[in-house]
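**Student:** Starting off with a structure, shown below.
The values are calculated or read from the model by the stated rules, or taken from the named source; none is laboratory data. Just so you know, these numbers come straight off a predicted model, no measurement behind them. Neighbour counts are summed over all protein chains in view; Cβ atoms, including those assigned to glycine, are modelled from backbone coordinates with ideal geometry. Quick note on the areas: whole protein, heavy atoms, side chains included, nothing else; ligands and nucleic acids left out. Shrake-Rupley method; radii C 1.70, N 1.55, O 1.52, S 1.80 Å.
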Amino acid sequence: MKALTYHGPGRRTWGDVPDPVVRDPEDAVVRVDAVTICGTDLHILKGDVPEVGQGRILGHEAVGTVTGTGPGVRTVTAGDRVLVSCISACGRCSYCRAASYGQCTGGGGWILGHLIDGCQAEYVRTPFADTSLYRLPEGVADEDALLLADILPTSYEVGVRNGRVGPGDTVAIVGAGPIGLAAILTARLHSPSRIIAVDLARTRLAAAERFGASTALTPAEATPEAVRELSRDGLGVDVAIEAVGVPETFELCTRLVRPGGRVANVGVHGRPAVLHLEDLWIRNVTITTGLVDTDSTPLLLDLLAAGRLDVAGLVTHRFGLDRMPEAYDVFADAADTGALKVALFRT
Ligand SMILES: [Zn+2]
Ligand SMILES: [Zn+2]
């Protein structure tokens with residue numbers, strides 16, 4: 001089969017590799033019908049994720065059809081349409097028993113396209129199929145479901161839920177890329193009164209407004225004073241969601257939040273950020289971090305099936321699977337191409 005493999009920093013290949021097979025009784029093999037590329041894949045290609053070995057097939061976000069299962073798999077069977085989530089769950093360890101699948105110590109967690117071969121390929125082997133795959137409800141399109149493999153649960157759990165967004169809150173979302181836009185969508189599930197989006201790119205600010213931001217500001221415009229004026233009582237935002245992963249955006253979030261407010265960091269950081277505890281301690285600010293658990297995936301799938309989660313517009317570019325290298329180029333050059341999520345479909 002064809003797959004996208006990693007060969008050290010800056011080197012990726014789209015080429016022939018052996019088809020995956022069931023190795024463990026709990027495995028399934030899934031034919032990939034739709035797959036996407038993640039900012040994390042670009043981090044891997046920069047060499048930021050050294051545990052990814054030579055020849056590893058990348059990708060951890062897909063939708064597909066089960067073609068085979070091991071004898072220990074009970075709840076999915078050949079022919080089932082499934083979501084292949086970024087997080088796998090052994091279902092047995094203490095973290096999985098507490099629905100913290102992202103922290104699984106039994107061989108799950110973020111393994112696809114990281115510690116084992118991923119789904120930017122024609123087929124993928126998925127361990128712990130019963131507790132890691134999600135059967136798709138009738139009527140949910142592959143392209144929409146694909147967004148639930150990572151960005152929707154990540155923005156919802158690590159941004160909205162960790163930040164405890166509530167009715168009437170003022171929420172700042174710093175970063176209006178795919179994760180930031182997904183945070184706008186999922187924050188709206190909790191009825192905030194105002195959503196202030198911050199990004200450098202005017203095109204992304206326009207997208208933020210289309211997704212439901214009440215105000216869209218550049219970082220130069222998003223001074224603490226300006227944002228306080230936009231907030232309830234003029235005291236700052238209740239929740240600031242960091243959706244970029246650079247020190248400047250994290251530090252901006254800590255300046256925008258009101259006393260008693262929450263900073264929910266979603267961005268993946270490659271450098272240290274300054275934590276101004278000398279200013280923050282007296283203001284009762286809560287800061288949260290996290291890797292997605294994907295325990296919200298069934299809820300999000302149900303909302304999608306019920307037509308209560310409108311993800312239209314997040315996928316900006318579509319390709320046949322065999323155009324993987326071109327899709328990578330378009331996604332990596334988002335500033336020029338305007339790409340949010342790219343989707344590749346089986347041809
Ligand atoms: Zn991802
Ligand atoms: Zn586990």
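**Student:** Could you pull out the residue among ARG255, ARG232, ARG262, ARG271 that is open to solvent by less than 60 Å² (accessible area, probe 1.4 Å) and not aromatic (Phe, Trp, Tyr)?
**Tutor:** None of the other options fit; the residue is ARG262.
**Student:** Can you tell me how many residues in region 163-203 are part of a helix (DSSP H, G or I), open to solvent by 10 Å² or more (accessible area, probe 1.4 Å) and over 21 Å from ARG255 (Cβ atoms)?
**Tutor:** 7
**Student:** Residues that are outside the structural domain of CYS90 (by TED's automatic domain parsing): find the helices (runs of 4 or more DSSP H) completely inside region 249-347 holding 1 or more of those.
**Tutor:** 277-280
**Student:** Now for a separate question. Please go through (1) within 21 Å of LEU147 (Cα to Cα); (2) away from ligand 1 (no atom under 16 Å from the Cβ); (3) surrounded by fewer than 17 Cβ atoms within 10 Å (Cβ to Cβ) for GLY53 and return the number of the only condition it doesn't satisfy.
**Tutor:** (1)
**Student:** Answer yes if at least one residue in region 88-100 is open to solvent by 10 Å² or more (accessible area, probe 1.4 Å) and under 19 Å from the mean Cα position of the chain (by Cα), and no otherwise.
**Tutor:** Yes - at least one qualifying residue is present in region 88-100.
**Student:** Can you spot a residue in region 235-251 that is surrounded by fewer than 23 Cβ atoms within 10 Å (Cβ to Cβ) and farther than 18 Å from VAL263 by Cβ?
**Tutor:** The answer is no; no qualifying residue exists.
**Student:** If you go through region 223-275 one residue at a time, how many are over 20 Å from the mean Cα position of the chain (by Cα) and of a type in the set (A, V, I, L, M, F, W, C)?
**Tutor:** 11
**Student:** Just to be sure before I move on: is GLU209 assigned to a helix (DSSP H, G or I) and more than 15 Å from ILE179 (Cβ to Cβ) in the structure I sent?
**Tutor:** The answer is yes for GLU209.
**Student:** Working only within region 97-130, note down all residues that are more than 16 Å from ligand 1 (Cβ to nearest atom) and closer than 17 Å to THR67 by Cα.
**Tutor:** Within region 97-130, GLU122, TYR123, ARG125, PRO127, PHE128, ALA129, ASP130 meet the criteria.
**Student:** Please indicate, with yes or no, whether at least one residue in region 143-160 is at pLDDT 95 or above, open to solvent by 30 Å² or more (accessible area, probe 1.4 Å) and in the same structural domain as PRO325 (by TED's automatic domain parsing).
**Tutor:** yes
**Student:** Can you tell me which residues in region 8-29 are in a loop (DSSP other than H, G, I, E, B), over 19 Å from GLY64 (Cβ atoms) and open to solvent by less than 50 Å² (accessible area, probe 1.4 Å)?
**Tutor:** Correct list: GLY8 only.
**Student:** Let me ask another. Quick check on GLN120: is it open to solvent by 20 Å² or more (accessible area, probe 1.4 Å), over 18 Å from ASP302 (Cβ atoms), over 15 Å from the mean Cα position of the chain (by Cα) and polar (S, T, N, Q)?
**Tutor:** no
**Student:** Filter region 77-91 down to the residues that are over 18 Å from ILE116 (Cβ atoms) and part of a loop (DSSP other than H, G, I, E, B), then identify the one that is farthest from ligand 2 (Cβ to nearest atom).
**Tutor:** By that ranking, first place goes to GLY79.
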